[in-house]
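Below: one structure, written as structure tokens.
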Amino acid sequence: MNPLRQLFHRRKIEADMAEEMRFHLEQRMADQVADGLPPEEASFAAQRKFGNLASIQEQAREGRGWRWLGNFLRDLHLSGRSLLKSPGFTFLAILTLALGIGANTAMFSVLNTLLLKPLPYPDREQLDRIYRATPQNPDGNLAPADFLDLRRAQDGYGELAAYTAGDTSLAEPGRPAEMAYAARSTANLFALIGARPQLGRDFRPGEDTPGRDHVVILSRRAWLNRFGGRTDIIGRSIRVDGEPHQVIGVMPAAFNDWRSLGAIDFFRPLALSPVEAADRLSTVLRVVGRRAPARSPAETGGFIASFGARQAAAYPEANAESSWRAVPLQITAGGRGSLTVVPMLIGLSGFVLLIACSNLANLLLARTMARAREFAVRAALGASRTQLLRPLIAEALVLSLAAGVGALLAAQWFGDYLTVRSTGDNGEQVHFLLDWHVAGWALAASLGTALAFGLAPALFALRLDLNHTLKSGGRGTTGGRGHQRFRQALIIGQFALAMSLLAGAGLFIRGVYDLNNRRGGWESEHLLTGTILLPSAGYSDAEKITAFQRLALQRLTALPGVGSASLAAFTPFFSWPDSRKFLVEGRDRPPPGHEPAAVVNAVSPEYFDTVGTRILAGRAFNARDLAAAGQVFILGQGTARALFGSDNPVGRRLALAGDGKSQWGEIVGVVADVQPAAAETDSTVNQVYLPLAQEPRRSNEILVRTTGTATAPVADAIRATMAELDPDLPVRKLQTADTAINRANYQLGVLRDMLTTFALLGLGLASIGIYGVIARTMAQRTGEFAIRLALGASVPDITRLVLASGVKLALAGSLIGLLGAFGISRILAANFPGIHTSGNAILAGSTLLLVAVALVACWIPARRAGRVDVMTVLRAE
Amino acid sequence: MAKKEDLLQGTLDMLVLRVLSRGELHGWGITLKLEQLSKSALQVDEGSLYPALYRMEEKGWIEAEWKMTENNRRAKYYTLTRTGRKQLEEATGSWDRMTAIIALVMESA
């Protein structure tokens with residue numbers, strides 16, 4: 001018979017078996033009555049002969065295959081019932097585990113979404129990102145000239161495409177201009193990765209040449225949000241950067257999976273002007289490649305590396321310190337940092353799970369010990385080891401499967417929360433989905449915990465000393481020294497893990513707080529910032545840009561409520577992505593490409609006044625520092641010290657290395673260093689300022705210090721002024737500096753919240769754990785306490801004894817946990833060099849908090865121990 | 001009543017298969033047939049018979065079907081399957097060899 005059918009038609013089979021045997025019995029009876037026996041006697045005889053019906057059926061059942069599965073299901077059923085009989089225990093166990101597995105599963109779903117989910121491109125294993133690593137940036141990009149060189153040699157690799165992303169103005173007739181995050185890509189980008197527009201067409205070869213490049217492909221998100229998802233958008237004209245562009249396509253939603261492209265609102269062809277094509281210094285191109293199928297990753301990786309080395313030798317001033325490498329595109333899918341941060345989060349959520357598990361082990365162990373006598377009796381009556389173990393394992397299994405379901409719900413909720421929390425400025429979202437991988441992970445975690453931590457009490461049951469347990473009349477359940485030690489070890493382990501989580505989170509919270517409130521070298525009160533982008537159409541040359549900037553500053557400064565206004569390439573609070581190399585006059589020239597480097601900002605004359613950066617020596621820029629005048633520099637204090645030591649740098653001369661001109665310019669001032677509130681960069685980099693008029697650029701930061709606290713009306717006035725000056729001119733993210741900092745670091749906030757959640761979960765679970773263990777130990781030592789009290793110990797003595805035993809465990813655990821905390825802070829420090837993750841106060845505070853929690857958790861059992869009624873207890877002995 | 005012999009270990013399956021090879025029978029019928037064929041020298045314990053039947057059904061040697069007896073009672077009839085027949089041949093063969101060897105040893109010793 002089909003074993004599965006057997007399993008599910010059990011009732012029918014049992015009935016059949018009974019009927020068959022009844023038939024047999026009746027036949028024998030009839031036979032014997034025919035032989036002359038009186039009917040009653042015949043019935044007795046027949047039954048005697050047949051023996052115990054039930055036992056035969058039992059044996060018959062054993063004869064069937066898949067018996068174990070039947071037994072197993074029965075065990076599950078029974079343990080389900082027995083669990084329902086102690087709802088308190090069951091609820092606690094399931095909740096504990098569900099939280100632990102839930103946290104872990106949620107983190108796995110993040111990993112799954114960001115890193116594991118295959119990119120939606122055909123033959124994606126052939127796709128690479130190509131990085132040009134420099135000491136400043138391991139994931140650096142290529143300059144246009146280098147990319148073009150590489151593409152000319154691409155036969156050694158396969159095929160290459162590139163794109164560059166940045167802010168662009170987007171205007172439609174009759175609506176104020178908006179700023180969008182846009183990419184310019186080589187025409188072959190989509191064809192290369194194997195993605196096709198869901199609507200309209202791809203770029204055509206050759207559309208990435210100047211003059212033919214006025215076409216736009218929208219992302220699905222931009223299409224829905226800005227253009228209402230209308231299909232007649234194809235063929236329509238929109239104004240991008242002040243010039244009409246024709247919309248030719250819309251990319252599908254799956255594009256979001258590769259985060260680097262997912263953040264982009266629309267794509268234009270990358271038509272490099274002759275000047276841009278010769279640029280070896282602006283490393284702005286993100287390069288993607290598809291390996292020729294015939295070549296191995298090692299082969300192409302070697303090709304890229306050696307090509308990089310060749311470029312470094314040929315153009316040392318640009319590439320001397322760089323090394324090139326190809327990285328599988330799939331690895332880069334989650335964006336920067338996710339490769340280390342996400343696995344770290346999985347590890348930390350694993351800590352939470354471990355704490356939950358040791359709670360479960362403790363609970364199950366306590367439950368088993370309470371039933372020690374039952375087990376001893378069953379073993380004495382001849383129950384086999386498997387028969388003893390089966391219900392215990394079944395119980396653990398039922399618990400953890402129920403917890404697994406709870407965990408999936410928790411993970412789903414957490415995923416939704418994360419999606420909302422991590423929504424980008426342009427509505428870009430990551431959907432953390434629960435797919436089969438995640439469900440499988442939850443199931444595996446449940447089964448793993450069931451096995452690992454259901455086994456501890458099961459093994460204990462096996463090692464029961466029958467004689468002792470039976471003789472001691474049930475009091476032999478203190479479990480002996482071995483078990484006591486085992487549970488204490490569990491508690492110490494829990495506290496060690498909780499300490500790691502707590503201190504790790506504490507350090508990070510402190511670090512993020514410091515970062516968001518870091519105002520080193522400038523002042524944030526009443527400071528408004530916003531980004532403007534001059535469309536390339538009307539501002540094609542330096543003179544037009546400078547003229548506009550002068551006009552804009554005049555108008556802004558004249559606005560009511562504005563104390564001081566200025567323009568700059570970058571704000572003081574975010575890191576400056578523009579790094580350049582310098583030569584110092586009168587010194588030996590270092591080998592090309594190895595000159596001292598500094599990040600540069602280009603600022604208008606009033607800038608230092610507006611942002612509140614102090615001038616330490618010399619002067620600020622002034623209205624005479626124009627393009628036609630001599631080049632001037634202002635150094636940050638750190639740069640001044642690095643280049644000139646204690647000498648006064650004012651009056652000395654510098655030149656920008658690598659631009660081929662090596663034109664000397666005078667240092668006119670030294671200002672205080674500013675510390676960027678950015679987590680990814682170390683704040684201790686050298687800073688150099690150039691006059692905005694000598695570095696004209698189309699993207700500028702507006703910085704306005706208002707005279708009053710009401711910034712909103714001033715912001716409105718700024719927007720109106722800009723729209724008046726040029727309707728194609730969007731002002732993006734016009735907000736206070738404080739808001740800008742908090743907003744920019746929102747992803748850190750998400751990470752901080754996750755760490756905090758883990759720490760709180762760990763703390764809560766560990767406190768439940770220590771409470772349970774201490775309470776149980778106390779209950780078992782009631783007799784001892786009664787004797788102590790009878791011999792003259794006072795109640796506070798007993799309370800102190802109990803508290804001390806708990807605090808000892810908590811303290812031991814916390815000290816071990818310091819190691820874990822140290823490890824976590826190292827990982828965080830490596831990923832976020834801008835965040836300072838150290839602080840003895842945090843470590844001490846975490847230890848104190850844990851000990852306090854242990855004290856509170858032990859307080860209730862300690863009080864109970866002190867209130868022992870001596871006579872009752874001793875009589876019961 | 002004549003003295004009953006206990007069944008030699010492991011021979012019940014073979015005997016049941018042999019009895020069934022002549023045609024389908026229900027459990028009670030098998031008991032009767034074995035008693036009859038052994039001239040009441042063999043007494044089959046029901047406690048062994050039914051587990052053996054279920055075991056063999058499980059192995060696919062025999063098949064069962066509910067049918068009506070001559071007296072219009074529902075009873076479960078067992079028939080030999082093809083694999084059961086093969087099993088019977090094998091068991092018979094090894095039984096013959098075993099008895100021959102035992103006889104040889106018993107006689108020559």
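The values are calculated or read from the model by the stated rules, or taken from the named source; none is laboratory data. This one's a predicted model, so the numbers in the text were calculated from it and none came from an experiment. Please note: Cβ atoms are built from the backbone with ideal geometry, for glycine as well, and neighbour counts cover all protein chains shown. Just so you know, the surface numbers come from the protein's heavy atoms only, side chains and all, with ligands and any DNA or RNA stripped out. Shrake-Rupley method; radii C 1.70, N 1.55, O 1.52, S 1.80 Å.
Would you mind checking the tilt of helix A:385-421 against the longest principal axis of the Cα atoms of chain A, expressed as 0 to 90 degrees and rounded to 10?
The helix A:385-421 is inclined about 20 degrees to chain A.
For chain A, what does the helix formula give at 222 nm: sum of -39500 (n - 2.57) over DSSP H segments with n ≥ 4, over the residue count, nearest 500 deg cm²/dmol? Mind showing how you got there, number by number?
Details: 29 runs with 465 residues, N = 877.
Mean residue ellipticity, 222 nm, calculated: -17500 deg cm²/dmol.
Can you work out the base-10 log of I(q)/I(0) for the range A:665-732 at q = 0.17, 0.19 1/Å, using the Debye formula on its C-alpha atoms alone?
Calculated log10 I(q)/I(0) at the listed q: -0.99, -1.07.
Leaving ligands and nucleic acids out of the surface, order A:Ser260, A:Ser323 by accessible area at 1.4 Å, largest first. Don't skip to the end; give the middle numbers.
Working: A:Ser260 25, A:Ser323 65 Å².
So, going from the largest accessible area down, we get A:Ser323, A:Ser260.
Output the peptides A:265-271, A:553-559, B:12-18 sorted from most to least packed, where packing is the average of other Cβ atoms within 10 Å over each peptide's residues.
Highest to lowest by the protection proxy: A:265-271, B:12-18, A:553-559.
Is there a simple number for the mean count of other chain Cβ atoms within 10 Å of the Cβ of residues in A:15-27, and what is it?
Across A:15-27, the average partner-chain Cβ count within 10 Å equals 5.
Just by accessible area at a 1.4 angstrom probe, what is the order of A:Trp576, A:Trp436 from largest to smallest?
The ordering from most to least exposed comes out as A:Trp436, A:Trp576.
Measure nothing but the geometry: give the 0 to 90° angle between the long axis through the Cα atoms of A:297-314 and the longest principal axis through the Cα atoms of chain A, rounded to 10°.
The helix A:297-314 is inclined about 30 degrees to chain A.
Considering only protein heavy atoms and a 1.4 Å probe, what is the carbon-and-sulfur percentage of the accessible area of the range A:769-877?
68 percent
Between A:Thr756 and A:Arg800, what FRET efficiency comes out of the Förster formula 1/(1 + (r/R0)^6) with R0 = 30 Å and r the beta carbon distance, rounded to 0.05?
0.35
What does the charge count around A:Phe190 come to, taking other residues whose C-beta lies under 9 Å from its C-beta (Lys +1, Arg +1, Asp -1, Glu -1)?
Value of the local net charge: 0.
With each pseudo-label sitting 7 Å past Cα toward Cβ, what's the B:Ser48-A:Ala133 distance in nm, one decimal?
Between B:Ser48 and A:Ala133, the label points sit 7.8 nm apart.
Within the range A:278-292, what residues put their amide N at less than 11 Å from the label point 7 Å along the Cα-to-Cβ vector of A:Glu159?
A:290-292
Along the Cα→Cβ direction, 7 angstrom out, place labels at A:Gln198 and A:Glu374. What is the inter-label distance in nm?
Distance between the two pseudo-spin positions: 5.7 nm.
Give me log10 I(q)/I(0) at q = 0.16 Å⁻¹ for the range A:523-650, Debye formula, one equal scatterer per alpha-carbon, no solvent.
With no solvent term, the Cα-only Debye profile gives -1.00.
Tally up the carbon and sulfur contribution to the accessible surface of the range B:16-109 as a whole percent, 1.4 Å probe, everything protein left in place.
Details: 2900 of 5430 Å².
Within the range B:16-109, the accessible surface is 53 percent carbon and sulfur.
Mind checking the mean number of beta-carbon atoms from other chains within 10 Å of the Cβ atoms in B:68-80?
The per-residue average across the peptide is 2.
Leaving out ligands, DNA and RNA but keeping every protein chain, what accessible area does A:Asp31 have, in Å² rounded to the nearest 10, with a 1.4 Å probe?
Approximately 60 Å² for this residue.
Give me the accessible area buried between chains A and B, both sides summed, with a 1.4 Å probe, in Å² rounded to the nearest 100. It would help to have the intermediate numbers written out before the result.
Working: alone 39480 and 7790 Å², together 45140 Å².
The contact between B and A buries close to 2100 Å².
For the range A:150-213, what does the alpha-carbon gyration tensor say about shape, rounded, prolate or oblate, given a ≥ b ≥ c as the root eigenvalues, a/c under 1.5 as rounded, and a/b over b/c as prolate? List each step's numbers first, then the result.
Details: a/c = 2.41, a/b = 1.99, b/c = 1.21.
Here the range A:150-213 falls in the prolate category.
Would you mind pulling out the separation of the Cα centroids of the range A:701-767 and the range A:795-835, in Å?
That distance is 36 Å.
Can you sort B:Lys86, B:Lys76 by solvent-accessible area, 1.4 Å probe, largest first?
The residues order as B:Lys86, B:Lys76, largest area first.
When the chain is fully extended, how far beyond the present Cα-Cα distance does A:Glu19 get from A:Leu95, taking 0.36 nm per residue of separation?
Full extension of this stretch gives 22.7 nm more.
Leaving out ligands, DNA and RNA but keeping every protein chain, what accessible area does A:Leu397 have, in Å² rounded to the nearest 10, with a 1.4 Å probe?
30 Å²
What number in nm² do you get for the protein assembly as shown if you take the convex hull of its Cα atoms and divide its surface by four?
64.6 nm²
Using only the alpha-carbon atoms, how far is helix B:46-59 inclined from the longest principal axis of chain B? Give it as 0 to 90 degrees, nearest 10.
Roughly 80 degrees between the two axes.
Anything losing 30 Å² or more of accessible area from the isolated chain to the full protein assembly: pick those residues out of the range B:9-58, probe 1.4 Å, ligands and DNA/RNA ignored.
B:Trp28, B:Gln43, B:Glu46, B:Gly47, B:Tyr50, B:Pro51, B:Tyr54, B:Glu57, B:Glu58
What is the spin-label model distance, in nm, from B:Gln36 to A:Ala277 if the labels are put 7 Å beyond Cα along the C-beta direction?
If labels sit at B:Gln36 and A:Ala277, their model points lie 10.6 nm apart.
Percent of accessible area on the range A:498-555 owned by carbon and sulfur, 1.4 Å probe?
Its accessible area is 51 percent carbon and sulfur atoms.
Which value, in Å², gives the accessible area per residue of the protein assembly as shown when a 1.4 Å probe is used on the protein heavy atoms?
Result: 46 Å² of accessible area for each residue.
If Lys and Arg each add +1 and Asp and Glu each add -1, what is the summed charge of the other residues whose beta carbon sits under 14 Å from the beta carbon of A:Trp522?
Taking every other residue near A:Trp522 into account, the sum is -3.
Grab the eigenvalues of the alpha-carbon gyration tensor for the range A:207-249, scale each by 5, take roots, and send me the semi-axes largest first in whole angstrom.
20, 10, 9
When the Cα centres of the range B:16-82 and the range A:269-318 are compared, how far apart do they sit, in Å?
That distance is 84 Å.
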